[in-house]
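Below: one structure, written as structure tokens.
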Amino acid sequence: MISERPLRIAIVGSGPAGMYSAGHLLEGPGGTFINGGLNQIVRRPVEVDVLERLPTPWGLIRSGVAPDHPDKKRMAAIYDSIARRQGFRFIGNVQVGRDVSPADLSQWYDGVIYAVGADDERRLGVTGEDLRGSDSARAFVSWYNGHPDFSDLQFDLRCERAVLVGNGNVAMDVARILFSPISTLHNTDIASYALDALGKSQLKEIVILGRRGPEHAAFNYPELMELGELADTAISVEGTDLSLTPENADYETQLKVNALAKLCKEKSQGSRRIVFRFNAAPTAIVGEGQVAQIKVVDRRDQSEQALNAGLVLAAIGYRGLAIDGLPFDDVRGVIPSRDSRIVDNGIAIAGAYVTGWIKRGPKGIIGSNKKCARDAVAAVMADADSNVLPMEGTLSAAQVLEAINARVSVTLGFSGWQKIDRQEQSDGRAQGRPRLKMTATGAMLGLVTAG
């Protein structure tokens, strides 16, 4: 029998996976696209609270997507429309595992969907990795996007060579941003301090290391081709012969390798250079307090070379962070699950679900999270229909907010985010930019509470 009261669901995280989950839970009258058509997966009233540890929503759309990709950032308009649906509530500046526990949420709500993304990175595991000037590409991306956790970092770009370890799309984004004209970046929402630092850059060469041959390169074709649009920038390849790509390589691989070979021919001249170095792995980062060199081994013959460099960024993958009170697979960097239900030692935890990168690892594009979220919501509704959700003692919306505010000095609702959003856009217009991001949590909260 369906309960007369609304089903109350918490979603932890307001990035794509979290917002798509909210959208499916608060689906429109037409239902959700599944099995080739529109079908209703939600057949009862639902109230959704989206808990976000930052004052700002949208996750990687705001802090991960490259600032010169405004088309991808427009996805925020979809999430904004979801946030305006009846039954949706945003509660910002609340961190699960610090301010409230998973146990609290399981008591307060009928079900909880964890959509916290991948807030950590894989390390190189080489000597000197912690020297100043050596960091993760994830940190660099978060820095230039104005993420509050990274806004205090400093990257000294007054060096001639940067080395990126890893050749996936994140490395392509970083290389492109490092060599993009300041006039181009001025027209984006890149953080102001990053714009200033890039304006003082003295970089002449970016080396992109890949452990294997070009047929295993992790970048996608569009991201590679964007490097070809950089003015006065030569592109070259070392450590392989592009003409020797295996004949049985799939279409996408052949497309990428042929495109890279073409770029090397067409972009052979320039005052700056991007070098794709394949079959190369770092063995050590060297310097006295500051990065001065990176030692690289050629995996074909084991010869080693030291490259002078002032900046080393590891772009070898994101991974999730454990949340105190939930099981965690430290090898894969995910919360273990089966059919979107969180499992502990193989046993499903009633009312606990997972979606997005924290479920499947950092795989897929933004849109991949839509199906992943749909699967999580389908699991929630199946359990609700089977009366296996822990629905005794669930708090009302007012009671939840009272409990959270007793622990967190300042929280904000969606109207608070809208105030931040308006201020950023207003400040941006004054400088001929789309927005000037606020990058300090204290300043955001101060704006919201100012009245």
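Coordinate-derived values only; no laboratory data. Only a predicted model underlies this, so the values are computations on that prediction, with no experimental measurement involved.
Remarks
- The equivalent ellipsoid of the range 123-316 has semi-axes of 26, 21, 15 Å, largest first, where each one is the square root of 5 times an eigenvalue of the Cα gyration tensor.
- In the range 256-337, the ratio of gyration radius to Kirkwood radius, Rg to Rh, stands at 1.13 when only Cα atoms are counted.
- Above 16 Å, the calculated P(r) of the range 363-451 contains 73 percent of its Cα-Cα pairs.
- Restricting the calculation to Cα atoms, every distinct pair contributes to the Kirkwood radius of the range 58-196, found to be 17.7 Å.
- 5 angstrom amide H check on Ala281, placed H, neighbours 5+ away: Val297, Arg299
- Paired Rg and Dmax values of the range 223-283, which use every Cα atom, in angstrom: 12.3, 37
- Measuring between alpha carbons in the structure, the pairs from Lys200/Lys267; Lys204/Lys363; Lys73/Lys363 lying more than 28 angstrom apart are Lys204/Lys363.
- The H on the amide N of Val46, modeled in the peptide plane, is under 5 Å from the matching H of Leu7, each at least 5 residues off or on a different chain.
- Amide H within-cut-off set for Gly128, under 5 Å, with H built and near neighbours excluded: Ile285
- For the range 310-432, the alpha-carbon coordinates run over 55, 47, 28 Å along the three principal axes, in decreasing order.
- Estimated translational D of the chain in µm²/s (Stokes, Kirkwood radius over Cα pairs; 25 °C; 0.890 mPa s): 104 µm²/s
- log₁₀ of I(q)/I(0) at q = 0.12, 0.23, 0.24 Å⁻¹ - the range 181-250, Debye sum with one point per alpha carbon: -0.49, -1.21, -1.26
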